[in-house]
Every structure is written in C-alpha cells, then in structure tokens.
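K.L.:
Below you'll find the structure I mean.
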Amino acid sequence: MSVTRSVCLGCGSYLPDRVLTNLELSSMVETSDEWIVERTGIRERRIAAEGETTSDLATRAAERALAHAGVGAEEVDLIILATATPDYTFPASATKVQANLGAHQAVAFDQHAVCAGFVFALATADTFLRGGNARTALVIGAETFSRILDWEDRGTCVLFGDGAGAVVLRAEQGEGTAQDRGILATDLNTDGRLIDLLYVDGGPSSTQTTGYLRMRGQEVFKKAVTSLAETARTSMKKAGVSSDDIAWIVPHQANIRIIEGTARKLGVAPERVVTTVARHGNTSAASVPLALSEAVAAGSIKRGDLLLMEAIGGGMSWGSALLRW
Ligand code: UT7
C-alpha cells in the first residue's frame with residue numbers, strides 16, 4: 001500500500017566558535033574537570049558570541065542542511081524551529097530564519113518542548129507532510145542556553161551549551177513497510193505535574209524577566225532513563241521493528257550516563273550510539289540534530305540505516321522518532 005513518508009534529504013549543523021572548557025568553569029564555580037567528566041561525560045561546550053542569537057545559529061544550520069539536501073530555500077514551504085531560547089518574546093524566531101533564508105513562501109513558527117523540542121518538531125512536520133499540508137519542511141533545533149544559565153549555580157551551569165542543527169524533510173511515496181525511507185513512527189509524551197523538576201524561573205507573563213534555569217538533577221535523571229526507554233519501545237512497536245533493527249541511536253545529549261543507561265535498557269550496543277555530549281554539552285533542542293549531522297558528516301550513518309532519536313526535557317516532555325535514513 002502506497003503511503004506518504006517524510007524522507008530526510010539532508011542535514012546540517014552550526015556551533016559558535018567560542019569553546020568553554022571544564023577547566024575554565026572550575027575558575028568560575030566550585031567544580032572540577034574530574035567531577036564534570038565523571039558525572040556527565042562533558043568536557044567542553046560552545047558559547048554564542050555577544051549579539052549572536054538563536055535565529056543566527058538556526059539560519060547557519062538551516063543553510064547547511066539545505067545545501068546538503070540540494071534543496072533551494074524557495075522550495076521550502078514549512079519551517080519549524082524548536083527552541084526554548086528565542087531571540088524575542090515575539091515574534092517567533094522562525095520568522096527571522098525564514099527572512100534570512102529568503103524562504104518567503106514558507107509558513108514558519110517556533111515549537112517549544114525544551115530539550116524534547118526537536119523530536120516534537122519532527123513529529124509535527126511529519127503530520128503536515130503526510131497530511132498533504134506541506135511538501136518540503138525545514139526542522140531546526142537551535143538554542144542559546146548560555147543566556148538562561150545562572151553562572152553561579154554549579155549544579156546547572158556546567159551542563160549546557162549553545163548550538164543548532166537542522167534537517168530537510170520531503171513528502172515522498174513509500175510502500176508502507178518498515179523498509180521505507182523516512183519517518184516510520186513517532187511518540188510524544190508530556191507530564192505537566194513535573195514542571196518543578198526543570199524550569200526557568202521567569203517569563204513575560206510571570207516576572208517580566210527572562211529568568212534562570214532551575215533543575216532537580218537527580219529526579220530528572222531517574223525520570224529520563226525510564227521514560228526514554230519507554231518511548232523508544234512505543235515507537236518501535238508502532239513501526240513494527242525491534243532493537244536489533246536499529247543501526248544507530250541518536251539520543252539527546254544530556255549526560256553520558258543517561259545515554260548509556262537507555263541504550264542498555266534497550267539492548268543496543270554502545271558502539272551503535274552517537275555521542276557528542278563530550279564536545280557539545282547539553283544543547284537542548286539542538287542536541288539531536290547536531291549529533292545526527294556530525295554522524296552523517298563522519299560517514300557513520302549510511303543510507304538505509306534505521307535511526308532511533310529520543311529526547312526528554314522540561315515540562316516534562318519526552319518522545320522518540322524512528323527514521324530510516
Ligand atoms: O536535558 C534534560 C535535562 N537534564 C538532564 O537530563 C540532567 C539530569 N541530571 C543529571 O545529569 C545529573 O543529576 C547531574 C549531572 C545534574 C548531577 O549528577 P548527580 O550524580 O545526580 O549528582 P548530585 O546532584 O546527586 O550531586 C552530588 C554532589 C552534591 O554534593 P553533596 O551534597 O553530595 O555534598 C552536589 O552538591 O555533587 C555536588 N555537585 C557538584 N560538585 C562539583 C553538584 N554539581 C557539582 C559540580 N561540581 N558542578
């Protein structure tokens with residue numbers, strides 16, 4: 001049976017130039033390279049330059065994704081930017097990206113599911129494409145979390161970084177089997193009772209300030225390992241595949257222990273997990289497309305490979321997507 005699939009034609013990423021190492025951080029707060037590496041796997045992260053905004057990062061990643069896909073900006077009819085750190089309260093940063101790219105006929109909006117944002121945006125774009133409401137979509141994850149960190153809180157400021165990643169999706173016809181290229185299944189979840197575990201303590205409607213990120217790390221950690229494995233299993237069930245079919249897990253890059261713990265629960269060998277957390281830290285919505293782009297550029301991910309993407313973040317919101325490259 002012929003079905004419409006959202007096929008990924010290309011991807012791209014962008015990282016700001018400035019590298020912030022664990023050693024530098026240890027001169028800012030009471031921490032050490034040893035503690036950060038042992039507890040998180042992070043060695044360094046990137047920090048956006050003064051005046052460099054989320055839409056700037058997103059635009060660079062999108063340009064690279066379009067070039068990789070061989071698609072012109074004028075062909076894009078949908079842009080979804082996943083971000084929790086927009087340039088302005090409004091309009092959506094996606095509107096700036098649309099203008100920067102010259103993709104004037106594309107509808108453009110932001111989607112906000114924090115670290116799970118890219119997976120949510122991917123699922124949303126997939127719905128547009130399969131429903132015939134768009135043909136070519138740019139899905140971007142971009143963040144400047146350095147702007148919402150409390151640089152005196154060692155429990156959070158060592159964890160996050162800035163960056164962007166993007167993919168180009170196109171509606172194409174598939175056979176309706178798990179062998180099709182494109183998105184085979186997605187699964188999204190939210191539990192708003194867990195707001196207090198991870199949030200930003202400001203906003204236009206509450207404090208009229210931007211606020212700073214607050215997290216109860218251990219509780220987030222526990223929730224992450226169980227929920228990520230669960231959502232992965234749900235997506236696999238929907239697509240009719242097993243963990244043996246997965247060529248690569250492309251996980252949210254929050255903590256190497258969460259990444260490895262989830263892979264272990266799913267019975268996927270560590271060699272089949274893309275990890276960039278050491279160099280990027282947690283870039284929230286940017287982390288999955290950044291990791292994806294690096295693995296594609298390195299030649300690790302090959303056409304036909306089945307990818308499992310998964311992420312969890314504030315809300316809490318979490319989800320997964322299965323995509324055959
Ligand atoms: O994107 C999704 C959202 N985020 C996550 O997925 C993060 C989830 N959580 C985590 O990754 C981990 O919980 C952390 C990396 C945040 C913390 O690791 P942990 O092993 O859970 O440590 P902990 O919070 O239990 O803290 C252990 C100790 C504490 O000291 P005491 O009370 O035992 O004396 C902390 O005060 O480590 C201390 N500590 C630090 N020490 C040195 C906390 N942060 C630091 C630090 N450097 N940066």
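K.L.:
For region 29-124, list the strands (runs of 3 or more DSSP E) that sit wholly inside it and hold at least 1 residues that are crowded, with 17+ Cβ neighbours inside 10 Å, small (G, A, S) and within 16 Å of the ligand (Cβ to nearest atom); which are they?
P.N.:
Details: elements: 44-47, 78-82, 107-111.
Here the list reads 78-82.
K.L.:
Answer yes if at least one residue in region 214-227 is more than 12 Å from the ligand (Cβ to nearest atom) and hydroxyl-bearing (S, T, Y), and no otherwise.
P.N.:
Yes, region 214-227 has at least one match.
K.L.:
Continuing with this model, one more query. Going through region 10-28 one residue at a time, which ones are surrounded by fewer than 19 Cβ atoms within 10 Å (Cβ to Cβ) and more than 16 Å from the ligand (Cβ to nearest atom)?
P.N.:
D17, R18, V19
K.L.:
Working carefully through the options T186, T190, T177, find the one that is crowded, with 24+ Cβ neighbours inside 10 Å and farther than 19 Å from S55 by Cα.
P.N.:
Result: T186 is the single residue among T186, T190, T177 that is crowded, with 24+ Cβ neighbours inside 10 Å and farther than 19 Å from S55 by Cα.
K.L.:
Exactly one of these conditions fails for I140: (1) under 26 Å from R46 (Cβ atoms); (2) assigned to a helix (DSSP H, G or I); (3) touching a Gly at 6+ places or on another chain (Cβ under 9 Å). Give me its number.
P.N.:
Failing condition for I140: (2).
K.L.:
Further, regarding this structure: Could you give every pair whose Cβ atoms fall below 7 Å, whose first residue belongs to region 21-36 and is under 12 Å from W151 (Cα atoms), and whose second residue is in a loop (DSSP other than H, G, I, E, B) and hydroxyl-bearing (S, T, Y), counting only separations of at least 6 or pairs across chains?
P.N.:
Partner pairs satisfying both residue conditions: L25/T31; S26/S32.
K.L.:
Now a separate question. Tell me which residues, restricted to region 171-193, are part of a loop (DSSP other than H, G, I, E, B) and among the charged types (D, E, K, R).
P.N.:
Matches in region 171-193: E175, D180, R181, D191.
K.L.:
Quick check on region 127-141. Is at least one of its residues within 19 Å of R214 (Cβ to Cβ) and among the hydrophobic types (A, V, I, L, M, F, W, C)?
P.N.:
no
K.L.:
Got a number for residues in region 41-100 being touching a Leu at 6+ places or on another chain (Cβ under 9 Å) and free of Cβ contacts under 8 Å to residues at least 12 places away in the same chain?
P.N.:
Summing the residues that are touching a Leu at 6+ places or on another chain (Cβ under 9 Å) and free of Cβ contacts under 8 Å to residues at least 12 places away in the same chain in region 41-100 gives 1.
K.L.:
Let me ask another. Which number in (1) more than 28 Å from R45 (Cα to Cα); (2) without any contact (Cβ under 8 Å) to a residue 24 or more places away in the chain marks the one condition that G203 misses?
P.N.:
Single failed check for G203: (1).
Taken together, the values in this text are just the output of simple stated rules run on the coordinates, not laboratory data. Only a predicted model underlies this, so the values are computations on that prediction, with no experimental measurement involved. Because the Cβ atoms are built from the backbone with ideal geometry, glycine has one as well, and the counts that use them run over all protein chains shown.
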